[in-house]
1. Where is the GNM fluctuation largest for the chain (alpha-carbon springs, 10 angstrom cutoff): L282, L254, L224?
2. To the nearest 10 degrees, how steep is helix 287-308 against the longest Cα principal axis of the chain, on a 0 to 90 scale?
3. Select from K274, K307, K87 the residue whose mean-square fluctuation is largest in a Gaussian network model of the chain (Cα-Cα springs shorter than 10 Å).
4. Per the 1.4 Å probe, what fraction of the accessible area of segment 6-158, in percent, lies on carbon and sulfur atoms?
5. Loop-only chymotrypsin sites (Phe, Trp or Tyr not before Pro) in segment 250-321, please: DSSP not H, G, I, E or B, and at most 13 other Cβ atoms within 10 Å.
6. Just for the chain, what percent of DSSP beta bridges are antiparallel, to the closest 5?
7. For segment 1-57, which trypsin sites (Lys or Arg not before Pro) are in a loop by DSSP, counting at most 15 other Cβ atoms within 10 Å?
8. Largest first and in whole Å, what are the equivalent-ellipsoid semi-axes of segment 52-149 based on the Cα gyration tensor, each being the root of 5 times an eigenvalue?
Amino acid sequence: MNKSTIFVGIDISKDVFDVYDSNSGHFQYSNDEKGFKLFKKSITTDHWCVMEATGCYHQQLAIYLFDSALRVSVINPLVIKRFIQMKLNQVKTDKSDAKMICRYGEEQALDLWSPEPGYIVESKTLQGVVRLYFKQRTALKNTLHAMSTSKRGKGMLMRSIVRQLKSLDKEIKLLESEIEKLIRANEQELYTRLNTIPGIGRKTAMLLIVCTNGFRDFESSRQLSSYFGLAPNERSSGSSVRGKSRISKMGDPLVRNHLFLCSFTACVHNPQCKALYDRIVLKGKSKKLALIAVCNKLIKQAYGIAKSGLDYDRNYVGRLS
């Protein structure tokens with residue numbers, strides 16, 4: 001970064017995006033290709049664009065700027081929110097948000113953004129539909145169970161729900177198969193190595209690869225635990241506040257649920273996880289706490305295997321194991 005760098009804060013919504021920099025002030029453009037081109041004309045290679053990750057709305061602009069060889073950083077919205085709170089800013093408009101994002105870029109160290117590989121984007125899209133089908137399947141199963149305990153509503157309606165459940169099961173299987181094809185075609189080595197970890201199953205291995213961009217988006221296993229909402233949050237202050245440590249649950253609930261289910265198998269077949277589980281339970285801690293610790297151990301093992309390029313070693317003993 002040099003002294004001539006001009007930071008541009010961008011606040012994006014569905015139809016428009018607001019832009020602010022300290023030299024030119026505030027402008028607004030339509031969130032489409034026409035707006036992208038107009039915005040590009042107003043900036044140079046000295047500009048550094050900073051924006052929030054706002055669902056799918058920021059992606060097209062970020063990709064457009066990246067393809068135009070311009071510097072882009074995409075920031076977690078929670079980070080921006082905390083920054084605005086820290087500055088005691090009480091105004092909440094698109095213009096003020098763009099200004100605060102610009103200020104964040106001027107004051108904080110930034111990482112350059114680059115788009116995820118196409119197969120990761122496609123896999124995430126497929127997984128999104130799979131999750132939707134799972135929700136629909138759960139709702140239908142609940143309805144079917146309610147009908148089975150009632151004297152009314154049986155017959156044709158129940159048969160219809162059963163057909164829908166079978167159809168959803170078939171579609172879920174097809175989409176999961178397509179995700180696996182994409183993973184095998186692009187991350188076969190990593191996928192195979194993750195499956196050598198006792199407790200990590202085929203579906204969990206795929207989820208981990210897709211959600212972490214092949215573990216390339218994280219610098220440590222602790223970052224990964226925090227991202228999935230499995231890192232313990234300690235609540236203590238002075239001599240009076242002694243709250244229970246709890247996991248944050250801020251991450252992806254699907255990955256967290258998969259890892260929790262994996263922890264049951266790992267406690268039996270994974271030597272390092274079994275030793276950790278037994279040690280925590282012997283200290284009088286709850287079994288649920290021990291299982292969460294095992295989840296974090298599995299994340300640590302998966303991260304280590306992904307970064308080292310080695311298969312799982314049953315006899316490996318870490319310094320903190």
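The values are calculated or read from the model by the stated rules, or taken from the named source; none is laboratory data. Keep in mind that this is a model prediction, so the values were computed, not measured. Backbone-built Cβ (ideal geometry, glycine too); neighbour counts: all protein chains shown. Ligands, DNA and RNA are excluded from the accessible area calculation, which covers all protein heavy atoms including side chains. Shrake-Rupley method; radii C 1.70, N 1.55, O 1.52, S 1.80 Å.
1. L282
2. Value to nearest ten degrees: 60.
3. Among K274, K307, K87, the largest GNM mean-square fluctuation belongs to K87.
4. Values: 4910 of 9040 Å².
Percent of accessible area from carbon and sulfur atoms in segment 6-158: 54.
5. On the way: sites: F260, F264, Y277, Y303, Y312, Y316; in loops: Y312, Y316.
Hits after loop and neighbour filter: Y316.
6. Details: 15 of 25 bridges.
Roughly 60 percent of the beta bridges in the chain run antiparallel, per DSSP.
7. On the way: sites: K3, K14, K34, K37, K40, K41; in loops: K3, K14.
Those that pass, being in a loop and sparsely packed, are K3, K14.
8. Numbers: eigenvalues 283, 93, 19 Å².
Values for segment 52-149, descending: 38, 22, 10 Å.
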